[in-house]
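For reference, the structure discussed in these notes is given below.
The values are calculated or read from the model by the stated rules, or taken from the named source; none is laboratory data. What you are looking at is a predicted structure, and each value in this text was computed from that prediction instead of being measured. Note: ideal-geometry Cβ built from the backbone for every residue, glycine included; neighbour counts use all protein chains shown. We work out accessible area using only protein heavy atoms, side chains counted, and drop any ligands, DNA or RNA first. Shrake-Rupley method; radii C 1.70, N 1.55, O 1.52, S 1.80 Å.
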Amino acid sequence: MIKFFKEICEILNIFSLSDELDKLSARLYYGVRDDIIPLVVSVKRLGRKRARTLVNAFGNDLRYVSKDELIKIDGIGPKIAESIMNKFGKNQFAKFQP
């Protein structure tokens with residue numbers, strides 16, 4: 001229903017709701033709160049539980065978290081840690097924004 005409403009808005013050139021509809025759609029699809037949507041959507045196979053654990057452990061700024069620190073989190077292996085580093089590591093320009 002959200003997807004169809006967004007399409008209707010786009011047809012009517014109403015773009016002011018686009019971001020909010022995307023967030024709502026992601027919340028419904030992934031079953032997560034707003035603060036971890038960027039993390040869950042950006043990192044394959046991370047999931048909501050591991051994303052929540054990461055945010056609880058390190059906050060929203062993952063730029064300064066090392067791969068070794070990430071791997072210490074239950075359920076985070078080398079491949080997922082590498083994906084997180086590639087997307088949100090210190091070489092990236094910004095932290096993820098909820």
Requested in this report: For the chain, evaluate the Debye formula with one uniform point scatterer on each Cα (no solvent term) and list log10 I(q)/I(0) at q = 0.10, 0.14, 0.17 Å⁻¹, rounded to two decimals.
Outcome: -0.32, -0.56, -0.74
Report summary line: Exposed chymotrypsin sites (Phe, Trp or Tyr not before Pro) being those in a DSSP loop with at most 15 other Cβ atoms within 10 Å, the longest stretch of the chain free of them is 16-63
**Report entry** Label-point gap, in nm, between L24 and R63 - each point 7 angstrom along Cα→Cβ
**Finding:** 3.3 nm
**Report entry** Entries in K23/K44; K23/K72; K23/K79; K3/K23; K44/K79; K67/K87 that, when Cα-Cα distance is taken, lie over 20 Å
**Finding:** K23/K72; K23/K79
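Determine the per residue accessible area of the chain with all protein chains present and a 1.4 angstrom probe, expressed in square angstrom. Display every interim value, and only then the final one.
Values: 6870 Å² over 98 residues.
Each residue of the chain exposes 70 Å² on average to a 1.4 Å probe.
Carbon and sulfur together cover what percent of the accessible area of the chain at a 1.4 Å probe radius?
Working: 3690 of 6870 Å².
About 54 percent, which is the carbon plus sulfur part of the accessible surface.
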Report summary line: Note on the chain: contact order normalised by length, alpha-carbon pairs under 8 Å, 6 or more apart, percent, works out to 25 percent
Report task. Before rounding to the nearest 500, sum -39500 (n - 2.57) across all DSSP H runs of length at least 4 in the chain and divide by the residue total; then give [θ] at 222 nm in deg cm²/dmol. Result -> -17000 deg cm²/dmol
